[in-house]
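The values are calculated or read from the model by the stated rules, or taken from the named source; none is laboratory data. Keep in mind it's a predicted model, so treat the numbers as computed, not measured. Counting neighbours? That spans all protein chains shown, and the Cβs are built from the backbone with ideal geometry, glycine included.
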Amino acid sequence: MPRRALVIANGEPPKKLRLQALVREANVVLCADGGANTALKLGVVPDAIIGDLDSVHTETLVKFRKVPTYQDSNDETTDLEKAIAWAIKAKYDHVTVVGGSGKRLDQAIGNLGVLAKFYPDAVVRIVDDFGELTYVGRALTFEAKKGEIVSLIPLSRCEGIVTSGLRYALNGESLELGVREGTSNVVTESLVSVKVKKGHLLLFRVFA
């Protein structure tokens with residue numbers, strides 16, 4: 001069975017009910033630095049706080065004084081990367097990130113890279129109140145409701161994309177930011193398939 005970690009980052013969190021549902025499905029809850037402030041505000045007690053600890057408030061650390069804290073001052077990695085790497089080292093192979101978007105746009109864009117960076121060591125998804133973002137890899141098949149909105153977002157130039165179950169099908173074509181994107185496609189079949197020969201492709205599913 002998958003071992004699931006939930007990482008609370010320092011961006012905009014989802015609403016409390018959605019966060020609580022994600023907490024229930026996780027085997028461990030980790031806070032990436034300032035994400036601990038969000039956890040405290042929303043009434044979530046994490047299993048660990050990880051990062052360089054420059055964003056977590058002193059009050060938060062006092063409230064969570066019994067929570068293990070792991071300080072990592074490596075300037076080459078973000079706090080989110082530190083938390084995901086910690087989860088993988090602890091043998092968690094499915095990682096859900098909340099608070100990975102919103103607030104600073106540069107950090108939100110930078111966070112997208114973790115989906116490709118840690119694959120296949122872990123399947124990482126970023127969840128907000130609007131939907132969830134996952135990494136396609138070379139192939140991804142999933143069940144969906146007809147009429148569901150999905151977007152294909154290329155991190156790099158993606159070539160040889162073949163899709164089935166989507167209204168606007170691709171048959172060996174390419175997507176590239178600034179050239180051609182794949183936003184707001186529509187599910188037409190209960191089983192959707194996306195294949196990619198080359199490149200890092202993300203899939204965003206809009207919550208109904």
Check: Of the residues that make up region 99-109, is at least one hydrophobic (A, V, I, L, M, F, W, C), crowded, with 16+ Cβ neighbours inside 10 Å and in contact with a strand residue (DSSP E or B) (Cβ under 9 Å, 6 or more places away or on another chain)?
Finding: no
Note to self: Being assigned to a helix (DSSP H, G or I) and within 14 Å of the chain's Cα centre (by Cα) is the requirement here; does ALA39 meet it?
What the structure shows: no
Next item on the list: Determine which member of the set PRO2, PRO68 is over 24 Å from GLY113 (Cβ atoms), touching a residue at least 12 places away in the same chain (Cβ under 8 Å) and surrounded by fewer than 17 Cβ atoms within 10 Å (Cβ to Cβ).
Entry: PRO68
Note to self: Against the condition in contact with an Asp or Glu (Cβ under 6 Å, 6 or more places away or on another chain), among the aliphatic types (A, V, I, L, M) and either more than 20 Å from PRO120 (Cβ to Cβ) or at pLDDT below 95 (or both), how does VAL187 come out, does it pass?
What the structure shows: yes
Note to self: Among the residues that make up region 196-204, is at least one of them under 29 Å from TYR92 (Cβ atoms), crowded, with 18+ Cβ neighbours inside 10 Å and among the small types (Gly, Ala, Ser)?
What the structure shows: yes
Item checked: Residue that is nearest to ASN111 (Cα to Cα), among those in region 71-84 that are surrounded by fewer than 19 Cβ atoms within 10 Å (Cβ to Cβ) and not polar (S, T, N, Q) -> GLU76
Check: If you scan region 146-200, which residues turn out to be outside any strand (DSSP E or B) and of a type in the set (Lys, Arg)?
Finding: LYS146, ARG157, ARG167, LYS197
Checklist line | Criterion: aliphatic (A, V, I, L, M), modelled with pLDDT of 95 or more and touching a strand residue (DSSP E or B) at 6+ places or on another chain (Cβ under 8 Å) - qualifying residue of LEU203, LEU177 | finding: LEU203
Notebook entry, point to check: How many residues are surrounded by 15 or more Cβ atoms within 10 Å (Cβ to Cβ) and not aliphatic (A, V, I, L, M) when one looks only at region 27-62?
Noted result: 13
Note to self: Residue under question is GLU189, and the condition is that it be closer than 20 Å to VAL114 by Cα and surrounded by fewer than 16 Cβ atoms within 10 Å (Cβ to Cβ); does it hold?
What the structure shows: no
Next item on the list: Residue by residue through region 119-138, note down the ones that are acidic (Asp, Glu) and either surrounded by fewer than 17 Cβ atoms within 10 Å (Cβ to Cβ) or in a strand (DSSP E or B) (or both).
Entry: ASP121, ASP129, GLU132
Check: What are the pairs, 6+ residues apart or on separate chains, where a residue within region 93-119 that is on the phi > 0 side of the Ramachandran plot and at pLDDT 95 or above has its Cβ under 7 Å from a residue that is of a type in the set (A, V, I, L, M, F, W, C) and in a loop (DSSP other than H, G, I, E, B)?
Finding: GLY99/ALA9
